[in-house]
Structures are given as C-alpha cells and as structure tokens.
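What follows is a single structure, written as structure tokens, with notes after it.
Every number in this text was worked out from the coordinates using simple rules, so none of it is lab data. It should be emphasised that the depicted structure is a prediction, and the values quoted were computed from it without experimental measurement. Glycine gets a Cβ as well: all are built from the backbone with ideal geometry, and neighbour counts include every protein chain shown.
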Amino acid sequence: MSVLIALIILLFNSCLGESEKYVIGISQCSQDEWREKQNAEMEQESRFYPNLELKVLSAKDDNERQIRDIQQLIDQKVNLLIVSPNEGKAITPIVEKAYDAGIPIIVIDRKVMSDKYTAFIGADNIQIGEAMGEYIQSLGNEPLRLFEVCGLEGSTSAQERTQGLYNVIGRLNHIERMGSIDASWRMEDAEYKMDSVFNLHPDINFIVAQNDRMAIGAFRAARRHRLEKGIRFIGVDALTNKDFGVDQVMQGNMAATFIYPTGGDVVIQTAMHILNREPFERDVTLSSAQVDVTNARIMMLQDALVKQSSERMNQLSEQLDSFLQQRNVQNILVASFIVIILNFAAL
Ligand code: FRU
C-alpha cells in the first residue's frame with residue numbers, strides 16, 4: 001500500500017510541474033529610490049519563475065558591509081549572485097572569490113576591476129557623461145562657470161561620467177571649470193558641501209551633478225544663498241517619483257536629467273538563462289535618453305501608465321497564486337480520497 005501512496009504523490013507532484021528551486025542572492029551597494037525601483041522590478045520579474053527565491057541585501061554605501069553581505073550569500077550557497085559594487089576596487093576580490101567558487105555572478109550598474117564575472121548589465125556611463133557634455137555644447141557659446149558634483153570617487157559610474165563629460169567639454173573654450181566635489185551620490189552630502197562652495201564661488205552658473213539626488217541637494221544649497229535663479233542644474237537618473245528628477249525638470253528647478261535605466265527585469269531574465277544553461281548576452285548595455293522641458297510631461301504620463309499596468313499584473317498574479325493554492329488543496333483531497341477507496345478495496 002505504501003508503494004501505492006508514494007506513486008500517487010509522485011503523480012501529483014509531476015502534475016504540478018515541480019522544477020529545480022533556485023535562490024539568487026542580490027548584494028546592492030546602496031539604498032535609495034533608484035535601488036528600490038530596481039529591486040521592485042527584480043521581485044516582479046521573479047514572479048514569472050515560481051521556482052525562484054530572491055535574497056536582497058543592501059550595504060548602504062559601505063564597502064566592508066558589502067564584502068560581508070557577499071560572503072554571507074556565498075556561505076548560504078545561493079545558486080547565483082547579483083552584485084552592484086559600491087567601489088569597484090574594494091569589492092573586486094570578494095566577487096572574484098565567489099566566481100572562483102563556481103557561483104555565476106551578474107554585475108550590475110557599476111563595474112568591478114576584473115573579468116571574473118558571468119555577465120554585466122548596465123548603461124554606458126561614458127556615453128551618459130558625453131550626453132551631458134553635448135547638452136552643454138548645445139547651449140551655444142555663452143560663458144559657463146561650471147562646477148561638478150560627483151558620485152562616490154571609487155565607483156566606476158562616477159569615474160566614467162566624468163570621463164564622458166570631459167571628452168566633450170574638454171575641447172570647449174567658453175567653459176571655465178570652477179572645481180568639483182565628491183558628494184557620494186547623496187543629496188545631504190551635496191547640499192552640505194555645496195553650501196561652502198557657494199561661499200567661495202557665488203558666480204557658478206552651471207552645475208553638472210552626477211545624479212539627480214545630488215542636483216537637488218546642490219539646488220537647495222543654492223536657494224539658501226539665493227543663487228538658484230542664476231544657475232542651471234543637470235543630473236542623471238530621471239526617476240518619476242514626486243520631487244525627483246523628472247518632476248524637478250517640470251518644476252523648472254533642473255534644466256535636464258538623463259535616464260539611468262534600472263533594468264531589473266532584464267537582470268532576472270539573464271539570471272534565469274544562466275541558471276537554465278541557455279544562451280545569454282554577456283554584456284548588456286541599457287539605453288539612456290535626455291529628459292528636458294520638452295519631454296518631461298510625456299515621460300511622467302507614460303510612466304504612470306506603466307505603473308498602472310504593472311499593478312494590474314500584480315493583482316492578476318495574486319489571483320493566480322490563490323487559484324493554484326486552491327487547486328493544490330483540491331488535488332490533495334482527491335488523492336486522499338483515492339487512497340481511502342483503494343484501502344477499502346484492499347480489505
Ligand atoms: C543609485 C545611484 C544612482 C546613480 C547610480 C550610479 O544607488 O546612486 O543615483 O545614478 O547609483 O551608480
């Protein structure tokens with residue numbers, strides 16, 4: 001009889017299509033609205049794979065903490081790692097260690113100083129810097145006294161955005177470089193540091209911030225000095241949340257921002273290709289675009305539509321989950337019933 005029961009269980013399990021379970025460990029360098037959007041996209045995409053579990057850790061801009069996080073995920077024997085390195089140089093050895101231990105690794109957004117990774121997914125930050133430079137170039141020959149508010153010095157996205165910017169504006173004579181600060185990607189740091197910068201250079205008239213949060217921080221400092229009207233601010237990210245980049249462009253506080261795509265869905269799709277041993281692209285470049293007063297409103301509207309349909313999709317997926325759960329219960333009841341009948345028959 002026990003053989004019979006085992007057979008029935010096996011039959012029902014195979015009907016439900018049980019497949020190998022995967023755990024993906026995600027080590028994020030930071031915790032902010034851009035990361036939240038990316039994490040939400042990854043969570044949402046993971047719902048397409050019922051056999052997939054995500055474990056997300058955030059190092060809150062701290063290299064040591066990120067090294068510990070990645071070690072913890074290695075110890076937990078995750079099937080695949082997704083890492084956005086805080087500072088490339090510091091995080092490279094632990095990424096190499098995981099890779100050497102045979103764990104596939106997808107590096108996202110910022111880079112490591114090594115080839116030991118399975119795939120890289122992110123935008124081209126040199127190109128984004130160049131796009132900022134081209135925006136400045138498009139303004140004509142009016143003299144600009146330009147100040148740069150940079151992201152964390154050791155992060156490759158900051159290095160590459162600066163490189164791209166100077167690829168273009170380095171050859172323009174009407175631009176005077178007034179200096180730069182490292183504001184670690186944070187609004188508060190930018191606001192605090194720019195406060196002293198404005199004491200020294202109240203004549204700055206153009207600020208290139210490497211993300212929108214820092215552009216907003218610099219704007220706030222300028223407003224305190226009553227200088228904001230005479231300065232143009234540009235940033236990167238173009239999030240559509242209230243008071244973030246696109247909204248700031250609509251409010252007239254920022255002149256432009258550049259989309260820094262989060263691409264969480266592509267990251268999970270690539271991870272699943274790797275885990276299922278299917279072909280995948282090793283280097284995926286996500287595309288960017290300029291957002292200014294001419295297209296900010298369209299972007300807001302389109303984003304609202306995307307949010308609406310993704311909420312509907314979530315509802316649908318919840319309904320499906322509960323339907324499948326009900327079906328599971330029904331299956332178990334039917335199986336038990338069959339076992340009881342067979343038991344009787346055997347008597
Ligand atoms: C998010 C973020 C973005 C920025 C990116 C650079 O954590 O700070 O604002 O564009 O990282 O890697």
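The table for this structure:
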{"item": "Percent of C-alpha pairs per 10 Å bin, the range 134-236, short to long", "result": "17, 52, 30, 2"}
{"item": "Electrostatic dipole magnitude of the chain [Cβ: Lys, Arg +1; Asp, Glu -1; Cα centre; debye, to 20]", "result": "260 debye"}
{"item": "Principal-axis tilt of helix 33-46 within the chain, Cα atoms, nearest 10 degrees", "result": "20 degrees"}
{"item": "Estimated distance in nm for a label pair at D124 and A335, the labels positioned 7 Å out from Cα along Cα-to-Cβ", "result": "5.3 nm"}
{"item": "Principal axes of the range 16-60: Cα extent on each, largest first, Å", "result": "39, 16, 7"}
{"item": "Helix-only [θ]222 nm of the chain, DSSP H runs n ≥ 4, -39500 (n - 2.57) each, per residue, nearest 500", "result": "-17000 deg cm²/dmol"}
{"item": "Semi-axis lengths, Å, the range 98-162, gyration tensor of Cα atoms, sqrt of 5 times eigenvalues", "result": "34, 12, 6"}
{"item": "Added length on full extension, which subtracts the Cα-Cα distance from 0.36 nm per residue, N314 to D203", "result": "34.9 nm"}
{"item": "Cross-link pairs K37/K60; K55/K242; K111/K307; K242/K307; K60/K111; K89/K116 - those with Cα-Cα distance over 19 Å", "result": "K55/K242; K111/K307"}
{"item": "Antiparallel DSSP beta bridges within the chain, as percent of all bridges there, nearest 5", "result": "5 percent"}
{"item": "Inter-label distance, nm, simple model (7 Å from Cα along the C-beta direction), R171/R297", "result": "3.7 nm"}
{"item": "Surface/4 estimate of mean projected area, convex hull on alpha-carbon atoms of the range 71-117, nm²", "result": "2.8 nm²"}
{"item": "Geometric extent, Cα atoms of the chain - Rg, Dmax (angstrom)", "result": "25.4, 98"}
{"item": "Cα-based helix-to-principal-axis angle, 2-15 vs the chain, degrees rounded to 10", "result": "30 degrees"}
{"item": "Projected area, mean over directions - the range 222-347, Cα convex hull, nm²", "result": "14.0 nm²"}
{"item": "For the range 28-106: rounded, prolate or oblate by the Cα gyration tensor [a/c cutoff 1.5]", "result": "oblate"}
{"item": "Degrees, to the nearest 10: 264-275 long Cα axis against longest axis of the chain", "result": "50 degrees"}
{"item": "Cα-derived Rg over Rh, computed across the range 185-274 with Rh taken as Kirkwood radius", "result": "1.13"}
{"item": "Of all DSSP beta bridges in the range 35-194, antiparallel share, percent nearest 5", "result": "0 percent"}
{"item": "Zone residues, the range 111-148, relative to R282, backbone N less than 12 Å from point 7 Å out along Cα-to-Cβ", "result": "115-120"}
{"item": "Principal axis dimensions, largest first and in whole angstrom, of the range 60-202 by Cα", "result": "57, 28, 17"}
